[in-house]
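The values are calculated or read from the model by the stated rules, or taken from the named source; none is laboratory data. Just so you know, these numbers come straight off a predicted model, no measurement behind them. Glycine also receives a Cβ, built like all others from the backbone with ideal geometry; neighbour counts cover every protein chain displayed. The area values use the complete protein model at the heavy-atom level, side chains included, leaving out ligands, DNA and RNA. Shrake-Rupley method; radii C 1.70, N 1.55, O 1.52, S 1.80 Å.
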Amino acid sequence: MSWGAGDTSALVAAQASRGRRMDVRRVLLMVGWAIILLSAVRWVTAAPDLTSSNTYGTALRLAVPILLAALGGIYSERTGVANIGLEGMMILGTWFGAWGGWQFGAWWGVVLGITGGAAGGLVHAIATVNFGVNQIVSGVAINILAAGVARFLSVVAFTGAGGGATQSPQVTSQLPRITVPILAGGELFGWQSPDALGWLERKHWFLLSDVGALFRGFMVDLSILTLITLLLVPATYFFLWRTRLGLRMRSGGENPWAAESLGVRVYTVKYIGVLISGALAGLAGAFLVLEAAGIYREGQTGGRGFIGLAAMIFGNWRPSGALAAAGLFGYADALNLRSAQAVHAILLFVAIALVGLGIWYLYKRRILGGVMSIALGALTFVWFAVTDTVPRQFIFITPYVATLLVLAVASQQLRMPTYDGITFRKGSQIS
Amino acid sequence: MKATKLRIALLWLLVPISAIVLAFAVSSIALIAIGENPASAFRSMASYGTQANSLVSAVNRAVPLFIAGLAVAIGFKMNLFNIGVEGQYRLATLFAAAAGAAVILPTPLHIVFIMLVGMITGAAWAGIAGILKVKRGVHEVVSTIMLNSIATGLGAYLLSNYLRKPAVGSELLIATPPIAESGRLPALAVISGEDLRTFVLFAVVLGIAVYVLIWRTRFGYDLRASGVNPDAARVSGVDPNRMIMRTMLLSGAMAGLIGMPDLFGFFHAYTLDLPTGLGFDGIAVALVGLNHPVGVAIAAFVFGWVDRAAQILDLEGIPKEVIVITKGVIILSVVIAYEVVKRLVQAQQIKAAAEATRELEEQEEAVAA
């Protein structure tokens, strides 16, 4: 079984590798256009929250767990093991992160959160790699089991200690945070440095202030875990695409039989992939507890494991794509949290973007896609013009609808690992 | 040949036995780890669970699980993973409750109407995943996961903006208006103060219907054939796309009925107190029941019974949450044991086939001589 229509020909693989270099440039180009358009919309609608450094900072914080889950998904699925157990592994991460943080301090929370997630990954690896259990089935079972384990452990560990069956005591220990001096007003050896970008942002100049705010949002009160997560994006790319072990791991997802015939220990690389996957999902859980909430609460993950899965698909099973998708989803969440006015203003952004996309399609002679895109853009504009607010629930479903649309419209341009989701047995014939 | 068949049957029995043994073992370890006595915990669960009202309650809890398990099993039978049962049944229950409250009909008609609305909604929501798979090659696991979350958001939006009962005074209850008496099902019987819900009869009918449809009709044969070997089924003239659509719609329609026992028997409106997560529990029940209606029924009853029997643990100061671990272990050990036994069975069959061939050859040689 495979997630989607898989292609095996060398031609497709070659095209994909050429497409990758395009991908990074294309992502950067699109981000650039998005910022310019956002600035324009901010200017027209006078909704400062669209591009304020606060919004960007919140977006970054909300994107981190999604990005970690997406990266986790990449590690697992690149070695050919579909992982819908990410949600459960993240739940384990939240529980162990909170327990560790509460008992021994924040850094132990991080370590134990990672360990808890990796333990979930280990179960997934044993079931799917050694026993050949269907990967979806195992993932579902892990999600159910993890929720049960977290509930049970909470009752045992937190009841009577300031928590209960559904929540932990407050985790007071905190991880260090960084505010960049001079540019964003951080302290330098006890000296309160100026806040240059903050000054720029408050000027509300078109584009200049917006770009300044974007950079400032990434520099104020930055969690060390956020920094680590952002560094994991290039690190993941380097590890999987530029090291020998990374190549072997990917061969487990592209063609495990060929890899085995060349002497790759396929079971081992799959184990590595799934364990890293669980560890990253666990880190995402620990982040939720230690940085976002300061407490463990049941249901805290709120489907972020699944959103991470969506971001992974959206990002075409690549770290840079996952970063872009997680950023997009985080930004939508942040707007929703910060300002109803900004959410409404974003409709104008979407309308213009859709019309622009439609014109591009028409230019490329894709008549149907172009016409539909322009029509959708026009509809969105009407929606913007005749209403004052957007229901909160619509923002909640945005990542999911966006992923479904991308899958439905552009699934030909996505390329998953060829043997992702297919059980591989040592010494078996190709299936 | 007969001996082989018996051996294979015994091997299959290993699946539930090993799952139960493992579940007991892990739960015992968990209980010992927190300083409780597992033997006394299991004993009090057994004695509380076998009281008449506990058994009735267990059946009531099992009915929605059974229907959810059937919905998932229909998909599993042709290797379709309908992870979206959760979203399908919640949206279906919302629409059915709202539609049922909007009309007043004679009792049987009213009941049928509400069930139909639920089935159509569930089928339609599952159908989106079906169309995406057939037309665009989107894997159903991905699309149904997305559709689950979309259903949650869409349902919350529709409920709070359009389908909600107008607030009376300072009442803040978010719910659809109540369904009239004609759209309710009275209890089948009251046993030791516990209502046995009438929907249990519907569930029996549904189980038989699914059995007949999947194991005794041409459609069911095609469906199972597509699950076992899609290529062979396609070559023999089964249109895979049509099978995917039909199976998805059928699974979704069944999912649309999951909320009905609670709707008809107790809540009479869509409220935020309605049980959630039944769709995911349904996956568990289908897995444990090996996708057969009888197995699903047994699994649903076991899960329902464990849920009920564990209520006593709180009174004894033992965290009843231990049963969530029990259930998780049952699921995981069933799927692992299933794979192991499947391989053992295949080895047995290969051996039997080899023996049969050898006997045949020996006979031929004897004739030739």
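Annotations
- Residue count for the range A:300-342, restricted to those that are away from every other protein chain (no Cβ under 14 Å), over 10 Å from the mean Cα position of the chain (by Cα) and assigned to a helix (DSSP H, G or I): 9.
- Meets criteria (open to solvent by 10 Å² or more (accessible area, probe 1.4 Å), over 27 Å from A:Q167 (Cβ atoms), among the aliphatic types (A, V, I, L, M) and in a helix (DSSP H, G or I)) for A:L38: yes
- Check on B:E316, modelled with pLDDT of 85 or more and open to solvent by 20 Å² or more (accessible area, probe 1.4 Å): no
- Residues satisfying the stated conditions in the range A:407-431, i.e. of a type outside the set (A, V, I, L, M) and at pLDDT 80 or above: A:R415, A:P417, A:T418, A:Y419, A:D420, A:G421, A:T423, A:F424, A:R425, A:K426
- Helices (runs of 4 or more DSSP H) wholly inside the range A:205-257 that include at least 3 residues being of a type in the set (S, T, N, Q): A:224-242
- Residue identified as within 13 Å of chain B (Cβ to nearest Cβ) and aromatic (F, W, Y) among A:F396, A:F349: A:F396
- Of the residues examined, A:G263 is not one that is touching a residue at least 40 places away in the same chain (Cβ under 8 Å), more than 29 Å from B:A151 (Cα to Cα) and out of contact with any Gly (no Cβ under 6 Å at 6 or more places or on another chain).
- Sole residue being more than 20 Å from A:A40 (Cα to Cα), in contact (Cβ under 8 Å) with a residue 12 or more places away in the chain, buried (at least 17 other Cβ atoms within 10 Å of the Cβ) and not acidic (D, E), chosen from A:L354, A:L376: A:L376
- Filter pass, B:G317 being assigned to a helix (DSSP H, G or I) and among the small types (G, A, S): no
- Failed item in (1) outside any helix (DSSP H, G or I); (2) under 18 Å from B:L313 (Cβ atoms), with A:S173 passing the rest: (2)
- Selection status of B:N241, over 18 Å from the mean Cα position of the chain (by Cα), farther than 22 Å from A:I144 by Cα and modelled with pLDDT of 90 or more: yes
- In the range A:375-393, the residue that is nearest to B:G153 (Cα to Cα) out of those that are within 12 Å of chain B (Cβ to nearest Cβ) and assigned to a helix (DSSP H, G or I) is A:Q393.
- Residue that is of a type outside the set (S, T, N, Q), open to solvent by 80 Å² or more (accessible area, probe 1.4 Å) and modelled with pLDDT of 90 or more, where the choices are B:V212, B:V200, B:V228, B:V235: B:V235
- Yes/no for B:A58 being open to solvent by less than 10 Å² (accessible area, probe 1.4 Å) and under 17 Å from B:D307 (Cα atoms): yes
- Test: residue in the range A:330-349 that is crowded, with 24+ Cβ neighbours inside 10 Å, more than 21 Å from B:G153 (Cβ to Cβ) and in contact (Cβ under 8 Å) with a residue 60 or more places away in the chain: no
- Flag if A:G80 is over 15 Å from the mean Cα position of the chain (by Cα), buried (at least 23 other Cβ atoms within 10 Å of the Cβ) and outside any helix (DSSP H, G or I): yes
- Summed over the range B:8-42, the residues that are surrounded by fewer than 14 Cβ atoms within 10 Å (Cβ to Cβ), over 21 Å from B:I336 (Cβ atoms) and more than 14 Å from chain A (Cβ to nearest Cβ) give a count of 3.
- Within the range B:121-138, residues that are farther than 13 Å from B:T247 by Cα sit with their Cβ atoms under 9 Å from residues that are of a type in the set (D, E, K, R) and assigned to a helix (DSSP H, G or I), at 6+ positions apart or across chains, in these pairs: B:L132/B:E140.
- Qualifying residue in the range A:162-169 (condition: open to solvent by 30 Å² or more (accessible area, probe 1.4 Å), away from chain B (no Cβ under 14 Å) and either modelled with pLDDT under 85 or in a helix (DSSP H, G or I) (or both)): yes
- Annotation note: of B:L105, B:L173, B:L163, B:L158, the sole residue that is more than 26 Å from the chain's Cα centre (by Cα), away from chain A (no Cβ under 14 Å) and within 24 Å of A:F394 (Cα to Cα) is B:L173.
- Restricting the range A:196-231 to residues that are acidic (D, E) and either without any contact (Cβ under 8 Å) to a residue 24 or more places away in the chain or closer than 18 Å to A:A46 by Cβ (or both), the residue that is least open to solvent (accessible area, probe 1.4 Å) is A:D210.
This table checks each residue for (1) surrounded by fewer than 22 Cβ atoms within 10 Å (Cβ to Cβ); (2) in a loop (DSSP other than H, G, I, E, B).
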position: B:G122; (1), (2): no, no
position: B:A129; (1), (2): no, no
position: B:K135; (1), (2): yes, no
position: B:V141; (1), (2): no, no
position: B:A187; (1), (2): yes, yes
